[in-house]
């Protein structure tokens, strides 16, 4: 509850601070999954989920600009065939996107994203488990996407979010006898589709 209140406070502060030129809101859906080790097995465990938040655009010229975002995103996986039914990873993310307008309506974007884990929930067929001690709070990713302006203040965005940070602590922190090199890389991945609205342009 305290973490949820903190997240709402941050969002409200951002809305107040950036309620001038370039401020807007966005929300949408996404397909979330994760990669584990070299096999990428968990890429098959896709979960339909959602995201939303606020952004602030800083234009450099008619074509090039920077967009700062503060987004909530529910990442994780969905199994449904084994003991694990669903994993919810509630993140507060800060994407920093460099945007380039190819035409008046169509543009591309690229940039890093850092995230903080607010809550983890693992839902099994025998009950719900609290946050795992192996789960790290920090996350980092690279975003690549495109956007399209429907009308003057409304736009669509399609973005691929590729996790580059290992979100699980080394096994030898919990099993000292296990060699560190056996730790597989575990990272989040999402395909995001959202609708945005500029309050001022």
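The values are calculated or read from the model by the stated rules, or taken from the named source; none is laboratory data. Keep in mind it's a predicted model, so treat the numbers as computed, not measured. Cβ sites come from the backbone with ideal geometry, for glycine too, and all protein chains shown count toward neighbours.
Before moving on, here are some points about what is shown:
- Residue within the range 2-21 that is closer than 21 Å to residue 119 by Cα, at pLDDT 85 or above and either in contact with a strand residue (DSSP E or B) (Cβ under 8 Å, 6 or more places away or on another chain) or surrounded by fewer than 18 Cβ atoms within 10 Å (Cβ to Cβ) (or both) present: no
- Residue check, residue 38 modelled with pLDDT under 65 and either surrounded by 13 or more Cβ atoms within 10 Å (Cβ to Cβ) or more than 28 Å from residue 148 (Cα to Cα) (or both): yes
- Just one of the listed residues (60, 55, 83) is over 13 Å from the mean Cα position of the chain (by Cα) and more than 27 Å from residue 153 (Cα to Cα), and it is 83.
- Flag not set for residue 77, criterion: in contact (Cβ under 8 Å) with a residue 24 or more places away in the chain, under 13 Å from the mean Cα position of the chain (by Cα) and within 19 Å of residue 28 (Cα to Cα).
- Test result for residue 107, over 19 Å from the mean Cα position of the chain (by Cα), at pLDDT 85 or above, closer than 20 Å to residue 199 by Cβ and surrounded by 18 or more Cβ atoms within 10 Å (Cβ to Cβ): yes
- Strands (runs of 3 or more DSSP E) fully within the range 61-159 counting 1 or more residues that are under 22 Å from residue 190 (Cβ atoms): 64-78, 84-101, 106-124, 138-149
- Residue within the range 42-50 that is surrounded by fewer than 18 Cβ atoms within 10 Å (Cβ to Cβ), assigned to a strand (DSSP E or B) and at pLDDT below 90 present: no
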